[in-house]
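Undergrad: One structure, pasted below without further comment.
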Amino acid sequence: MAYLVVTFFAIFAFWMGNSGHYKPLMLGFAALSFAITLILCARLKIIDREGAPYVRLFGWLAYYPWLAWEIVKSNWVIIKACLRAELDISPSLVKLKTICKSDLAKVTFANSITMTPGTVTVEIEGDKLLVHGLYEANTQPEAFEEMDRRCARAADPAETPA
Amino acid sequence: MAEFFALIGNTWEIVRFPLGGAACLLGAILCIVGTIGVLRFPDFYTRIHAASITDTSGAGLVLIGMALMAPHWIIVVKVFCIMGFLLLTSVTSSHALVNAAHTAGLQPKIGPMGRSVHEEDEEDRH
């Protein structure tokens, strides 16, 4: 039930933020579309722990600013690599082992690796990730430990040992 | 106190257009840098890294600039929605490309590619 309420508020905020029309007729259409959307979501059975992850909202609010700063830092490295007069890169392929348990945490971790310029997740098999990186020094498994820990804390709080 | 806030509001109104323009310009420059990287890097996997500059900082800065110059808060909400979708989907698409290349059996070039390696390449080409 809580998931349904959270989904409703998410849809409500999205509509209010995107429409800009607050006349009674438009609000009536909005209420109708909320109802249809919620019924369709309930029929698809996507109103659950993964569809409305409000429990992890605060974890993500802490995680994404950190990730944004990591993206800025590694962007700088790749910009320098692009503009250097002589090409100086050492691509490498490494296999990582993640401590993330749930699918959502693994996807968050793999997406974060791909979002950070200079590293791309090639494949996920169980709890092993294949990562391609532009610099060998930045692609050692130790370099991803902090991101892994933060992802696990943000996306599956229950399973992480304190 | 009210005057002070009005002063801050007025200053912000003056400052936000140059700031937004600068952010848009910087984003455009970063997109060009990413393109240069795509053209310069040696193989498919390394080119994806250069393209991710365009995806993250280039598009992000352009959208932040647009949000700064937006005439109404509704536009800001829309721009941030676009940013969220763009960050999620561009990452997914580059992962899909790399995964498809890996599954198809394309081997990445591994190991340092410094100056000497680059010169050998040049000699091979001539």
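What follows is calculated from the coordinates using simple rules that are stated; it is not laboratory data. Being a predicted model, the structure only gives us computed values, none of them experimental. Neighbour counts are summed over all protein chains in view; Cβ atoms, including those assigned to glycine, are modelled from backbone coordinates with ideal geometry.
Undergrad: Which percent, nearest 5, of DSSP beta bridges in the protein assembly as shown are antiparallel?
TA: Working: 13 of 14 bridges.
Percentage antiparallel, nearest 5: 95.
Undergrad: Using the count of nearby Cβ atoms within 10 Å as a rough guide to exposure, how do B:S52, B:S90 rank from fewest to most?
TA: B:S90, B:S52
Undergrad: Between A:A137, A:A152, A:A105, where does the largest GNM mean-square fluctuation fall for chain A, given springs only between Cα atoms within less than 10 Å?
TA: Comparing A:A137, A:A152, A:A105 in the GNM, the peak value goes to A:A137.
Undergrad: Let me ask another. Suppose every Lys and Arg Cβ carries +1 and every Asp and Glu Cβ carries -1, with no other charges. What dipole size does chain B come out with about its Cα centre, to the nearest 20 debye?
TA: Result for chain B is approximately 400 debye, rounded to the nearest 20.
Undergrad: In debye to the nearest 20, how big a dipole does the range A:24-86 give about its Cα centre with +1 on each Lys and Arg Cβ and -1 on each Asp and Glu Cβ?
TA: About 60 debye.
Undergrad: Which percent of Cα-Cα pairs in chain B sits in each 5 Å bin, short to long?
TA: Values per bin, smallest distances first: 2, 10, 13, 15, 14, 12, 10, 7, 6, 5, 3, 2, 1, 1, 0.
Undergrad: Can you pull the mean other chain C-beta count within 10 Å for peptide B:49-60?
TA: On the way: counts 16, 7, 2, 12, 10, 1, 3, 9, 8, 1, 0, 4.
Mean partner shielding for this stretch: 6.
Undergrad: Now for a separate question. Just flag the trypsin sites (Lys or Arg not before Pro) in the range B:11-58 sitting in loop per DSSP whose Cβ has no more than 16 other Cβ atoms within 10 Å. Mind showing how you got there, number by number?
TA: Values: sites: B:R16, B:R40, B:R47; in loops: none.
Nothing satisfies the criteria.
Undergrad: Starting from the coordinates of the alpha-carbon atoms of the range A:54-155, obtain the Kirkwood hydrodynamic radius over all distinct pairs and give the value in Å to one decimal.
TA: So the Kirkwood estimate lands at 14.1 Å.
Undergrad: OK, next. Normalised by the residues of chain A, what does the relative contact order come to in percent, with Cα pairs under 8 Å and at least six apart?
TA: That works out to 23 percent.
Undergrad: Would you mind telling me which residue in A:K80, A:K23, A:K106 has the biggest mean-square fluctuation in a Gaussian network model of chain A, where springs connect alpha carbons within a distance under 10 angstrom?
TA: Sorting by GNM fluctuation, first place goes to A:K23.
Undergrad: Nearest 0.05, what FRET efficiency do B:V76 and B:F5 give at R0 = 22 Å with Cβ-Cβ as r? Please report the intermediate quantities before stating the final value.
TA: Working: r = 20 Å, r/R0 = 0.90.
Calculated value: 0.65.
Undergrad: Give the average, rounded to an integer, of partner chain Cβ atoms located within 10 angstrom of each Cβ in B:99-109.
TA: Details: counts 6, 0, 2, 6, 2, 0, 0, 0, 1, 5, 3.
Rounded to a whole number, the mean comes out at 2.
Undergrad: Take the cross-link list A:K73/A:K106; A:K73/B:K78; A:K45/A:K95; A:K45/A:K106; A:K128/B:K109 and give me the ones stretching past 25 Å between alpha-carbons.
TA: Pairs exceeding the cut-off: A:K73/B:K78; A:K45/A:K95.
Undergrad: Anyone know which of B:T103, B:T92, B:T56 comes out most mobile in the 10 Å Cα GNM of chain B?
TA: B:T103
Undergrad: Stick to the Cα atoms of the range A:2-44, pair each with every other, and give me the Kirkwood hydrodynamic radius in Å at one decimal. Please list the in-between numbers first.
TA: Values: mean 1/r = 0.0928 Å⁻¹.
One decimal place: 10.8 Å for the Kirkwood radius.
Undergrad: Suppose the chain between A:A35 and A:F58 were pulled fully straight at 0.36 nm per residue; how much longer would it get relative to their current alpha carbon spacing?
TA: 5.5 nm
Undergrad: Hey, got the dipole for chain A? About the Cα centre, +1 on K and R Cβ, -1 on D and E Cβ, debye to the nearest 20?
TA: The calculation lands at about 580 debye.
Undergrad: Just want the ordering: B:C31, A:C151, from fewest to most Cβ atoms lying within 10 Å of their own Cβ.
TA: Exposure proxy ranking, most exposed first: B:C31, A:C151.
Undergrad: May I pose another question? Take every residue in peptide B:70-79, count the Cβ atoms of other chains within 10 Å of its Cβ, and give the average of those counts.
TA: 2
Undergrad: Taking the Cβ-Cβ separation of B:F17 and A:M26 as r and a Förster radius of 30 Å, what is the calculated FRET efficiency to the nearest 0.05?
TA: 0.45
Undergrad: Counting alpha carbon pairs within less than 8 Å and at least 6 residues apart, what relative contact order, in whole percent, applies to chain B? Before the final figure, lay out the partial values.
TA: Numbers: 90 pairs, mean separation 30.7, N = 126.
Answer for chain B is 24 percent.
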